[in-house]
């Protein structure tokens with residue numbers, strides 16, 4: 001879920 | 001990480017390096033909008049609030065630091081460096097960008113992923129980045145001829161978000177339940193704002209002529 005809403009991009 | 005996102009990040013980094021080269025090599029910031037640089041500094045500080053709380057990767061942290069430091073350094077140069085600041089086109093760089101900041105923040109209060117401080121500021125940074133180039137494009141139209149490094153700077157800055165759009169399409173197709181509507185729609189708007197610049201940039205490249213934007 002964290003990855004889903006997580007902002008892994010710049 | 002996919003090739004489109006890496007190309008986007010490298011193109012973004014390249015745009016910053018070209019701008020730093022222009023300012024350092026010519027000791028001049030003529031043709032550069034300080035307002036756009038200030039908007040980008042706000043964009044990065046608002047977007048990377050998670051810099052010290054969420055560690056994603058060394059690459060991610062390193063790039064965030066580069067973006068924040070470079071944007072603040074450029075604003076500092078344009079405001080306080082004794083030589084560079086003299087070449088600032090103060091009378092041409094008059095875009096009232098307060099409205100861009102206000103409208104972006106208002107929109108972020110309405111449309112965001114989650115109603116938390118970090119997410120609202122993240123959405124704010126996405127909307128603000130979409131319009132941050134406007135003062136720079138207005139300045140280019142007013143200042144007539146555009147020097148090569150400035151033209152390349154704007155070109156790479158516009159191209160990086162186009163690569164990100166390819167990245168979102170790729171991730172949407174390859175990752176289940178991947179959606180980035182806020183960044184995706186804003187990214188399309190942002191890239192569309194460069195459309196006429198890209199056209200005149202291509203013309204100047206094809207005719208090997210000086211880049212000129214119609215007033």
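The values are calculated or read from the model by the stated rules, or taken from the named source; none is laboratory data. Keep in mind the model is a prediction, meaning the values are calculated, not measured. Methodologically, a virtual Cβ is constructed for each residue, glycine included, from the backbone with ideal geometry; neighbour enumeration extends over all protein chains shown.
Regarding residue B:157, is this residue under 21 Å from residue B:13 (Cα atoms) and modelled with pLDDT of 95 or more?
yes
Go through the stretch B:103-120 and give me each residue that's surrounded by 11 or more Cβ atoms within 10 Å (Cβ to Cβ) and in a helix (DSSP H, G or I).
B:103, B:104, B:105, B:106, B:107, B:108, B:109, B:118, B:119, B:120
Given the condition outside any helix (DSSP H, G or I), touching a residue at least 24 places away in the same chain (Cβ under 8 Å) and surrounded by 15 or more Cβ atoms within 10 Å (Cβ to Cβ), answer yes or no: does some residue in the stretch B:51-67 qualify?
Scanning the stretch B:51-67, I find no residue that is outside any helix (DSSP H, G or I), touching a residue at least 24 places away in the same chain (Cβ under 8 Å) and surrounded by 15 or more Cβ atoms within 10 Å (Cβ to Cβ), so the answer is no.
Restricting to the stretch B:80-99, and then to whatever is outside any loop (DSSP other than H, G, I, E, B) and farther than 11 Å from residue B:35 by Cα, can you tell me which residue is nearest to the chain's Cα centre (by Cα)?
Ranking the qualifying residues of the stretch B:80-99, first place goes to B:99.
Give the residue, chosen from B:157, B:149, that is within 14 Å of chain A (Cβ to nearest Cβ) and in a helix (DSSP H, G or I).
The match here is B:157.
With the condition kept exactly as written, say whether any residue in the stretch B:135-145 is more than 14 Å from chain A (Cβ to nearest Cβ), free of Cβ contacts under 8 Å to residues at least 24 places away in the same chain and part of a helix (DSSP H, G or I).
Checked the stretch B:135-145: no residue is more than 14 Å from chain A (Cβ to nearest Cβ), free of Cβ contacts under 8 Å to residues at least 24 places away in the same chain and part of a helix (DSSP H, G or I).
If a residue must be surrounded by fewer than 12 Cβ atoms within 10 Å (Cβ to Cβ) and within 13 Å of residue B:141 (Cα to Cα), how many such residues does the stretch B:182-215 contain?
Result for the stretch B:182-215: 2.
Any chance you could count how many residues in the stretch B:160-215 are in a loop (DSSP other than H, G, I, E, B) and away from chain A (no Cβ under 13 Å)?
Selection size over the stretch B:160-215: 10.
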